[in-house]
Amino acid sequence: MNLKHVGLPGLAMVILMATSNAQAQCTQLLDHSVRQLAGEQVDRLCDTYQGQVVMIVNTASKCGFAPQFDGLEALYRKYKDQGFSVLGFPSQDFGGQEFASEAEAADFCRLTYGVQFPMYATTHAKKGKADPLFQGLAEAAGGDYPSWNFHKYIVDRNGKLVGSFGSFTGPSSSRIERVIEDALGG
């Protein structure tokens, strides 16, 4: 379409159609707006991660599984240039093992484990309390809700859940890497 001759009403219609198409392409699993950890900026997951492979993890700074931050960061660095991201979501759901302050949680992740992957606002992941993002992930996984901190969900480039791994399956697991590489197309 040659926009030079469309005119203002026609241009408005083109923009509206493009916006509708972009929203229609948003997959249900990623159709959520979430606030960045200890910040004001809100990211719409579809807009930010559509077409990428993402691993979504409920985290807790004071948990015995917190050393998995190292492995999550290693995965992020290894595959980020191929269209992969880790998204961390602190949670108090299991043992109250997260800092009360989001600023403390953000500092802990960055200073203790060098976390550079995106971290989002403290949320609920536990069955019966799960926010819409974690509820959708668990339902897509056949009811596999996190039973503790550091549950990992992997969503492929098309927005389909392709993996759900409990706390005891660490980020360096060959099973997890295989799912990521398959989802990345390699």
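None of the figures in this text is laboratory data; all of them are computed from the coordinates on show. Source: prediction; values computed, not measured. With ideal geometry, Cβ positions are generated from the backbone for all residues, glycine too; neighbour counts draw on all protein chains shown.
Restricting the first residue to the stretch 45-68 and requiring it to be on the phi > 0 side of the Ramachandran plot, which pairs with a second residue that is surrounded by fewer than 24 Cβ atoms within 10 Å (Cβ to Cβ) meet a Cβ separation below 6 Å and a spacing of at least six or different chains?
Close Cβ pairs (under 6 Å, with a partner that is surrounded by fewer than 24 Cβ atoms within 10 Å (Cβ to Cβ)) amount to 51/157.
Going residue by residue through the stretch 66-73, is there one that turns out to be hydrophobic (A, V, I, L, M, F, W, C) and farther than 24 Å from residue 35 by Cβ?
no
Being of a type outside the set (Gly, Ala, Ser) and closer than 11 Å to residue 57 by Cα: is that true of residue 161 here?
Taking the combined requirement at face value, the residue does not satisfy it.
For the stretch 73-186, list the strands (runs of 3 or more DSSP E) that sit wholly inside it and hold at least 3 residues that are closer than 23 Å to residue 30 by Cα and of a type outside the set (A, V, I, L, M); which are they?
84-90, 161-165
Output the number of residues of the stretch 74-98 satisfying the condition of being over 16 Å from residue 150 (Cβ atoms) and surrounded by fewer than 19 Cβ atoms within 10 Å (Cβ to Cβ).
Final tally of qualifying residues: 7.
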